[in-house]
Amino acid sequence: MVRQAAVADQRRPRRPKEGGTTEALIAVISDTHGRLDRRVLELCAGADHIIHAGDVGSGAVLEELAGLAPLTAVRGNRDRGALGADLPDEAAGEVAGLRFVVAHKRRDLKAGHPDPAAEGLGLLVYGHTHQPELRYRGHVPGRLPALWLNPGSASAPLSHDPRPSMAFVVVRGGEPEARIVFLR
């Protein structure tokens, strides 16, 4: 089941650019496990929207992020109790003409959205593995392929690669351009 993205704050308008196109910056994080590094907060402060791909860990993390920009968040496999009950397994939304969907695990997105282009999706976000990944997949004439994005873990990276990470997506004319940012 897909729920529409919960938007906590609409104070940041989309910015019209030259030629009437709309541009926005999306900060993407996952697997915070109850901890938000000060650098994550600093980097998210300039975003037009924030996506959290699960394993949030605490309501305080969501409150801090929602105070910075409109927020879309989903439940991860470790989000239990009241926090887990309040978060959807999957959420969808749109930012500056870019339609997105987010779930904690890539396999759930693949099963639920076998043809993202047919749904008009340009961005599919997931977490869980703690390993950043950025891939464009599929082809639609006249548009970029759908972007599949795992930002890695913002606070609990793997032992063999201890660098926490997140991602940014710049949306121009409804098309995503992404980059992974290592926090150390």
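If I ask for residues that are closer than 18 Å to Val56 by Cα and touching an Asp or Glu at 6+ places or on another chain (Cβ under 8 Å), which ones from the stretch 117-138 would you list? Answer for the stretch 117-138, where residues must be closer than 18 Å to Val56 by Cα and touching an Asp or Glu at 6+ places or on another chain (Cβ under 8 Å): Tyr126, Gly127, His128, His130, Gln131.
The strands (runs of 3 or more DSSP E) located wholly in the stretch 37-152 that include 2 or more residues which are in contact with a Gly (Cβ under 9 Å, 6 or more places away or on another chain) and not acidic (Asp, Glu) occupy 49-52, 71-73, 98-103, 146-150.
Applying the selection to the stretch 52-88, what residues are among the polar types (S, T, N, Q), under 14 Å from Gly34 (Cα atoms) and touching a His at 6+ places or on another chain (Cβ under 8 Å)? Asn77 - this is the single residue of the stretch 52-88 that is among the polar types (S, T, N, Q), under 14 Å from Gly34 (Cα atoms) and touching a His at 6+ places or on another chain (Cβ under 8 Å). Going residue by residue through the stretch 97-118, is there one that turns out to be closer than 25 Å to Gly46 by Cβ, of a type in the set (Lys, Arg) and at pLDDT 95 or above? Checked the stretch 97-118: at least one residue is closer than 25 Å to Gly46 by Cβ, of a type in the set (Lys, Arg) and at pLDDT 95 or above. In the stretch 159-168 there is at least one residue that is under 22 Å from Asp55 (Cα atoms), touching a Lys or Arg at 6+ places or on another chain (Cβ under 7 Å), part of a strand (DSSP E or B) and not acidic (Asp, Glu).
Okay, residues lined up against (1) charged (D, E, K, R); (2) without any contact (Cβ under 8 Å) to a residue 40 or more places away in the chain; (3) on the phi > 0 side of the Ramachandran plot:
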residue	(1), (2), (3)
Gly59	no, yes, no
Leu71	no, no, no
Val74	no, yes, no
Asp86	yes, yes, no
Val101	no, no, no
Leu109	no, yes, no
His113	no, yes, no
His128	no, no, yes
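Take Leu123 and tell me if it is of a type in the set (A, V, I, L, M, F, W, C) and in contact with a Cys (Cβ under 6 Å, 6 or more places away or on another chain). No: the conditions fail for Leu123.
Residue-by-condition table, conditions (1) under 17 Å from Ala47 (Cα atoms); (2) modelled with pLDDT of 95 or more; (3) among the basic types (Lys, Arg):
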residue: Leu144; (1), (2), (3): no, no, no
residue: Asn150; (1), (2), (3): no, yes, no
residue: Ser159; (1), (2), (3): no, no, no
residue: Val181; (1), (2), (3): yes, yes, no
residue: Arg184; (1), (2), (3): no, no, yes
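The values are calculated or read from the model by the stated rules, or taken from the named source; none is laboratory data. Source: prediction; values computed, not measured. Counting neighbours? That spans all protein chains shown, and the Cβs are built from the backbone with ideal geometry, glycine included.
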